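Have a look at the structure below, then the notes.
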Amino acid sequence: MLHSALGYSGAITAPHRAAALAGRDILAAGGSAIEAMVAAAATIAVTYPHMNGIGGDGFWLIHRPGQAPVGIFAGGHAAALATPGWYAAQGVTEAIPARGGLAALTVPGTIGGWEAALDLIPAARRLPLAQLLASAIGYARDGIAVTGNQARTTAEKLDGLRDVPGFAEIFLNDGAAPAAGSRMRQPALARTLERLATEGLRSYYEGEIAQIHGDFLAAHGSPLRAADFAAYRAQQVTPLQVTTSQGTLYNMTAPTQGVASLMILGLFDRLGVQTGEGFDHTHGLIEATKQAFLLRNAGLGDPAAMAEPAQDWLADDRLDAMAARIDRARALPWPYEPKQGDTIWMGAADRDGTVVSFIQSVFWEFGSGLTCPQTGVFFQNRGAGFSLQPGPNQLAPGKRPFHTLNPALAHLPDGRVLAYGTMGGEGQPQTQSAIFTRYAQFGMDLQAAVTAPRWLLGKTWGDNTTSLKLESRFDPTLVAQLRGAGHQVEILPEFSDLVGHAGGVVLHPTGLFEAATDPRADGAAVSY
């Protein structure tokens, strides 16, 4: 897969082909990129459940012609009961469990984000919600073919999930991970989506669905209650931004790591690298990543608890000083404390000039694993990242946890609008930097930029080591140069899930669309 999909009517990319096709159908029916993304988001929540679901969070960056980009922060807050004292009363004093009811402590925000995004479209111009959710309802009711990725992930994580209430009944076959190609039906989830189509998306937070979830969560040890759902609203935000020689780049606000993604590209721009794919390119981005992550780890969190706004980290003098600390020839000693997480990223663009960068997640694979049998919804474990000890990340009611999620968007100097992103927790900013520089700075085809071998510094989705991991397709000479510079290199397979499932869409000023998908996933890029 080395060439982008091209067209003049619209474009969408997703890491599961059913989601891409659902979005394409909405675009073809005259829907906007926002509506196409809601259709894709609902569909991929059904067809790629190990990576995301409607019990998780979501984030949007939206470009509309003649307007500044807007962000939608649809990350959930901690329950009103969620305090260190409440957890101590449950016998938990050291760390919040990663699975089960105690791990499900933040409100799922993604459906609120769908609603907020759709509200940007005048009501008279919107397609019916039932039409946007039809694909997802059909797959949940009639069944999906389990992907190899889902089968492998379920098998790898089975020990931590098999005994979590509600999980086995939907996601396992007789207690075992499903085989690739087996049919998996989710009838309860189909009924939930049908109710949302009929009653509206807000009913997830204030209707009977919310009451069912509140009662179920309480019965299984979660601090979440129906009142926490009713209190939830997604927020429209002003994205973070940084201007480089390659254009103006946008990403999501704190407590996501969007600022780290922008810092990496701002730092790399200051290195003045002239050619791609060699030592200067790869080493430069890796060392820029280290500088960005050091600041991220020290100071990023809920904006209310940060010492200064994340946008201040992107000031020219701050980036100049950080760039001066990069050794162009030697690797900074590593490791550091890594962040975890997994997710899906999708992008869409329509003929009216709207471009969407969207990301949706349940944190770990299958989140907390806690699955409501009445609704088919499993709940994220994002709140497991809170600390029970004093400090900036200490758990508190209403607080929002650190998010690895960060959708990216860029306005290039020649008028192109690029939406790009990936899953992969700690690897998200790194993969974004590879794709952006390859495409926007060094002129590589968008699909080739996604397909090309990637690297990962540190630990991420499904992995525990903190080395510099390189896919085996890298030039051996480059690998030797990196080792010689002091990087602790580990070689991955040719195409590895560890480096993420990425994609991109581009709207050209001529009206041409480009779309690219990742051969490491089960997706499709459609431009027509």
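A simple spin-label model places pseudo-atoms 7 Å from Cα toward Cβ; at residue 327 and residue 489 they are separated by 1.8 nm. Taking the Cα centre of the stretch 481-526 as reference, the dipole from Cβ charges on Lys and Arg (+1) and Asp and Glu (-1) amounts to some 160 debye. Per-residue 3J(HN,Hα) values for the stretch 101-109, derived from phi via the Karplus relation 6.51 cos²θ - 1.76 cosθ + 1.60 with θ = phi - 60°, read x, 5, 7, 8, 10, 10, 5, x, x Hz in sequence order (x marks Gly and Pro).
Report summary: the helix-based calculation at 222 nm, which adds -39500 (n - 2.57) for every DSSP H run with n ≥ 4 and divides by the residues of the chain, gives -9500 deg cm²/dmol.
Residues whose amide H falls under 5 Å from that of residue 394, counting only those 5 or more places apart or on a different chain, are 387, with hydrogens built in the peptide plane.
Computed from phi, the 3J(HN,Hα) profile of the stretch 173-186 under the Karplus parametrisation 6.51, -1.76, 1.60 (θ = phi - 60°) reads 10, 6, x, 10, 4, x, 7, 4, x, 6, 8, 10, 9, 10 Hz, with x in place of Gly and Pro. Summarising the label geometry, the points placed 7 Å from Cα in the beta-carbon direction at residue 235 and residue 195 lie 2.9 nm from one another.
Suppose the chain between residue 202 and residue 248 were pulled fully straight at 0.36 nm per residue; how much longer would it get relative to their current alpha carbon spacing?
Numbers: separation 46, 0.36 × 46 = 16.56 nm, distance 3.44 nm.
Length gained, residue 202 through residue 248: 13.1 nm.
Calculated accessible area for the chain comes out at 33 Å² per residue, all protein chains present (probe 1.4 Å; ligands, DNA, RNA ignored). Taking every alpha-carbon pair under 8 Å whose residues sit at least 6 apart, the stretch 378-528 reaches a relative contact order of 21 percent.
Look at the dipole of the chain built from charges on Cβ: of 197, 513, 95, the Cα furthest out on the positive end belongs to 197. Remark: the stretch 93-164 carries a charge dipole of roughly 240 debye about the Cα centre, counting +1 on each Lys and Arg Cβ and -1 on each Asp and Glu Cβ. Estimated at the nearest 10 Å², the accessible area of residue 147 is 10 Å² with a 1.4 Å probe.
Whole-Hz Karplus values for the stretch 291-296 come out as 4, 5, 5, 4, 6, 4 Hz, taken residue by residue from phi with 6.51 cos²θ - 1.76 cosθ + 1.60 and θ = phi - 60°; glycine and proline positions read x. Place a point 7 Å from Cα of residue 145 in the direction of its Cβ. Which residues in the stretch 171-200 have their backbone N less than 17 Å from it? The answer is 178-185.
Please give the charge dipole size of the chain, origin at the Cα centre, charges +1 on K and R Cβ atoms and -1 on D and E Cβ atoms. Round to the nearest 20 debye.
Values: 37 positive and 46 negative charges, 33 e Å.
Dipole size: approximately 160 debye.
Of the lysine pairs in the chain, how many meet both conditions: Cα atoms under 15 Å apart, and a spacing of 8 or more in sequence or different chains? Present the calculation step by step, with values, prior to reporting the outcome.
Numbers: 290/339; 290/459; 290/469; 339/459; 459/469.
Taking the chain as the scope, the lysine pair count is 5.
A 1.4 Å probe, protein heavy atoms only, puts the accessible area of residue 317 near 100 Å². Put simply, the amide H of residue 7, placed in the peptide plane, has neighbours under 5 Å in 513, leaving out anything fewer than 5 places away on its chain. Based on C-alpha pairs under 8 angstrom that are at least 6 apart in sequence, the chain has a relative contact order of 26 percent. Subtracting the Cα-Cα distance of residue 29 and residue 311 from 0.36 nm times their residue separation leaves 97.6 nm of extension gain.
Please list, in order, the residues from the stretch 423-455 whose amide nitrogen is less than 17 Å from a point placed 7 Å along the Cα→Cβ vector of residue 95. What the label zone holds, given the 17 Å backbone N cut-off, is 426. By accessible area, using a 1.4 Å probe on protein heavy atoms only, the chain has 52% of its surface on carbon and sulfur.
The values are calculated or read from the model by the stated rules, or taken from the named source; none is laboratory data. Note that the structure is a prediction, hence the values are computed from the model and not measured. Neighbour counts run over all protein chains shown; Cβ positions are idealised from the backbone, glycine included. Accessible surface areas use protein heavy atoms only, side chains included; no ligands, DNA or RNA. Shrake-Rupley method; radii C 1.70, N 1.55, O 1.52, S 1.80 Å.
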